[in-house]
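**Student:** Here it is, the structure in full.
The values are calculated or read from the model by the stated rules, or taken from the named source; none is laboratory data. Here the structure is a predicted model, which means the values were calculated and not measured. Cβ coordinates were reconstructed from backbone atoms using ideal geometry, including for glycine residues, and neighbour counts include every protein chain displayed.
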Amino acid sequence: MQNLLLLVLCILIVRVSRAEAQTTLYVAPNGNDAWSGTRRQPTANRSDGPLATLARAVARARELRAGAAVAPVRILLRDGKYYLTETLELTDADAGLTIEAAPGEKPTLIGGRRVTGWQREGERFWSAQIPEARSRAWDFRLLTVNGEMRPRARLPETGYFTHLTRFDVPWMSTTGGGWQRKPTDQELTRLQYRPGDLDAGLDIASAELTVYHMWDESVVGLSAHDPATQTLTFSNPAGHPPGAFGVQRYVVWNVREGMKKPGQWYLDRTAGKLVYWSLPGEDMSKAEVIAPALTSLVRIQGSENSPVKSITLRRIGLTVTTTPLKAGGFGAGEFAGAVEITHAADCRLEQLTLINVAGQAIRAWKSDRLRVAGCEIRDVGACGIRAEGNGMEIADNHIYRVGALYPSAVGIWIGGSRSSVRHNEVHDTPYSAIIGGGEENRIEYNLIHRAMQTLHDGAGIYFTFCKGIVIRGNIVRDIVDTGGYGAFAYYLDEQAENCLVEGNLSVNVARPAHNHMARSNTLRNNLFLVNGNASITFMRCEGYRLERNIVQATGDIVLSAPPEGIAAMPDNLFHSGTGRVLLETVRDYKPRGRQPLVPRDGTRFADPRLVDSKTGIYSFRPDSPARELKIAPLDLRTAGRRKPAKESPAPAP
């Protein structure tokens, strides 16, 4: 006992010593970079106090550590707005650094500049001079007014134009090498529009297009316009040719003709000015208009041989970044993050608020044991979180309204191995909510709704080029199929192998499970509830095992698979409102006929007799056949975000 007490005493002494050794620096809007930064607020005679800029605080932290070998430094940001003129660069010299909000305060880092000098322009509009726009020295696709992202001028006002360009070359799948024939430069840079859709005087210096494909899009500028042939020539190549996959939709942005309602804006690059249609009651002499100037606010940059270690960002707001004019590729992956991390280990991003950023909110590459937790991410141009590394944890984040500029963006993208995506809520996404690949990653207890609102061939949870993925305990609901290659709840795509989809719920998704060019995966103990016809598909798959799943639909239930697609299907329960449970044989995507599914291996056609699930527990009545089949009830009460931990107490002034 005496030895145990001595050990406890030693641990307490070490902890106290570490706490005393930690140096705290303060940053505040009323600070001064000539001061020490060790005081929370200015002294009475203003001879000392907090620093004024985060950049100076980081430099001061490096000085302290280099000079005295002190313990890791903690930088506390006081309440206020911090306009960054340069990206904050953190390297291996900053190992152990913590940057966080002072307890109870809400600092915000801003990557843009205020736009002032507004003048009336006609009865509706206001304009401000931005001469750098002519040369694109200051160029942007996002604007905030009083803290809210405002929509750009667009044609048509709603929906899409349909163009006439076709590209009928077959897509051979990613595994098969992409296009059967490589597109030419002209095919990637030309579009023919319908007569009458666009004016002959279209301002090509200002106009930009979103050209829609199947699962992604291309944002392009214009270098030429031939009204006689209705031909637009792009200034940068599209990622896929217009008309590929049979998709012929596009939208024109950033022209005066697209100013249809209050709140819209466009950047007139020809005249070098920003034009805005104010909302009713908006006083432009007082409005805070911010245009982005930085692609990233914080960049944590290491190297393969010297990764950045143990940097923490906590309880900070980050807002307003820009993106360059180019096609973002699948998942809008080409764009930088407001927080950009490369070659790092054991870094933590906790309880951040990232809003109104044009690229990714968080992008991390080769970052092991990264933790992103308790963040709110919304109104984002590209992805919410895009991370690749080993042993990462993405947990308890609220991510919504992503893809505002690039609709192929997703809520969470994960790659690497042995990482977890748990207890996040992701909703209102134009493409998939959670997507990824890698090996032995776990996707558990997430809440997903209203995904796949614009693009196709994606899902609430979509994984490809992966092995040993576990998708368990998630809720996916309210996904509407808008056409194309479809929209699904759970999707295992090319080269997904030895994955487990278990204990998940799908509600109001007509195609709850889709599988494509995947093999030897297991769907177990899932509950798929469909209002209408239900479709579960296994295109070019082999060796699947369906075990103890429940599929309940008010319409038909159709399983589509090649003969080798489903190896075993023991103890499933199918309940069709029409009494029709069908097996559709397919070969190379072509149906070869439908016939009634013959139950085997204990599978039954019967009402599962579910108990009311308002509590989040999906259980069965005593007479349910699910009990005989040993189908486990689903307890999904914890799916989605959990409550964040309480703030630590404020330090002494």
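**Student:** Can you find even one residue in the stretch 70-82 that is surrounded by 13 or more Cβ atoms within 10 Å (Cβ to Cβ), modelled with pLDDT under 95 and small (G, A, S)?
**Tutor:** Yes, that holds for at least one residue.
**Student:** Right, something else. Are there any pairs, at least 6 apart or on different chains, whose C-beta atoms fall under 6 Å, with the first in the stretch 332-349 and without any contact (Cβ under 8 Å) to a residue 40 or more places away in the chain and the second buried (at least 24 other Cβ atoms within 10 Å of the Cβ) and of a type outside the set (K, R), and if so, which?
**Tutor:** E334/G328; L349/L313; L349/V372
**Student:** Of all residues being β-branched (V, I, T) and surrounded by fewer than 24 Cβ atoms within 10 Å (Cβ to Cβ) in the stretch 481-513, which is farthest from I443 (Cα to Cα)? Just the residue, please. It would help to see each step written out before you state the result.
**Tutor:** Keep residues of the stretch 481-513 that are β-branched (V, I, T), which gives 482, 501, 507, 509.
Subset that is surrounded by fewer than 24 Cβ atoms within 10 Å (Cβ to Cβ): 482, 507.
Numbers: T482: 25, V507: 18 Å.
The selected residue is T482.
**Student:** Can I ask one more? Mind telling me which of the residues P151, P131, P170, P156 ends up being on the phi < 0 side of the Ramachandran plot, in contact (Cβ under 8 Å) with a residue 60 or more places away in the chain and exposed (fewer than 12 other Cβ atoms within 10 Å of the Cβ)? Let's see the steps before the verdict.
**Tutor:** Working: P151 fails: exposed (fewer than 12 other Cβ atoms within 10 Å of the Cβ); P170 fails: in contact (Cβ under 8 Å) with a residue 60 or more places away in the chain; P156 fails: exposed (fewer than 12 other Cβ atoms within 10 Å of the Cβ).
Going through P151, P131, P170, P156 in turn, just one is on the phi < 0 side of the Ramachandran plot, in contact (Cβ under 8 Å) with a residue 60 or more places away in the chain and exposed (fewer than 12 other Cβ atoms within 10 Å of the Cβ): P131.
**Student:** Scan (1) in contact with a helix residue (DSSP H, G or I) (Cβ under 9 Å, 6 or more places away or on another chain); (2) assigned to a loop (DSSP other than H, G, I, E, B) for the single condition R386 breaks and write down its number.
**Tutor:** Result: R386 fails condition (2) only.
**Student:** Pick out, from the stretch 233-329, the strands (runs of 3 or more DSSP E) lying fully within it that include 2 or more residues that are touching a Phe, Trp or Tyr at 6+ places or on another chain (Cβ under 8 Å) and either at pLDDT 95 or above or in the same structural domain as V410 (by TED's automatic domain parsing) (or both). If you could, list the steps in order and put the result at the bottom.
**Tutor:** Working: elements: 249-253, 265-268, 273-277, 289-292, 298-301, 312-314, 317-321.
Hits in the stretch 233-329: 249-253, 265-268, 273-277, 289-292.
**Student:** Listed residues T454, T522, T537; which is under 21 Å from the mean Cα position of the chain (by Cα) and not basic (K, R)?
**Tutor:** T454
**Student:** For the stretch 260-280: of the residues being within 14 Å of R150 (Cα to Cα) and among the hydroxyl-bearing types (S, T, Y), which is surrounded by the fewest Cβ atoms within 10 Å (Cβ to Cβ)?
**Tutor:** If we take residues in the stretch 260-280 being within 14 Å of R150 (Cα to Cα) and among the hydroxyl-bearing types (S, T, Y), then S278 is surrounded by the fewest Cβ atoms within 10 Å (Cβ to Cβ).
**Student:** Further question on the same structure: Need the failing condition index for A404 against (1) in contact with a Leu (Cβ under 9 Å, 6 or more places away or on another chain); (2) surrounded by fewer than 24 Cβ atoms within 10 Å (Cβ to Cβ); (3) in contact (Cβ under 8 Å) with a residue 40 or more places away in the chain; (4) not in a loop (DSSP other than H, G, I, E, B), just the number.
**Tutor:** Of (1) in contact with a Leu (Cβ under 9 Å, 6 or more places away or on another chain); (2) surrounded by fewer than 24 Cβ atoms within 10 Å (Cβ to Cβ); (3) in contact (Cβ under 8 Å) with a residue 40 or more places away in the chain; (4) not in a loop (DSSP other than H, G, I, E, B), only one is false for A404: (4).
**Student:** Moving on to the next point. Return yes when A361 is among the small types (G, A, S), part of a strand (DSSP E or B) and within 12 Å of the chain's Cα centre (by Cα) and no when it is not.
**Tutor:** Spelling it out, A361 is indeed among the small types (G, A, S), part of a strand (DSSP E or B) and within 12 Å of the chain's Cα centre (by Cα).
**Student:** If you check K614, K590, which single one turns out to be among the basic types (K, R) and closer than 20 Å to Y485 by Cβ?
**Tutor:** K590
**Student:** Could you tell me whether any residue of the stretch 180-200 is closer than 30 Å to L318 by Cα and in contact (Cβ under 8 Å) with a residue 24 or more places away in the chain?
**Tutor:** No: the stretch 180-200 contains no residue that is closer than 30 Å to L318 by Cα and in contact (Cβ under 8 Å) with a residue 24 or more places away in the chain.
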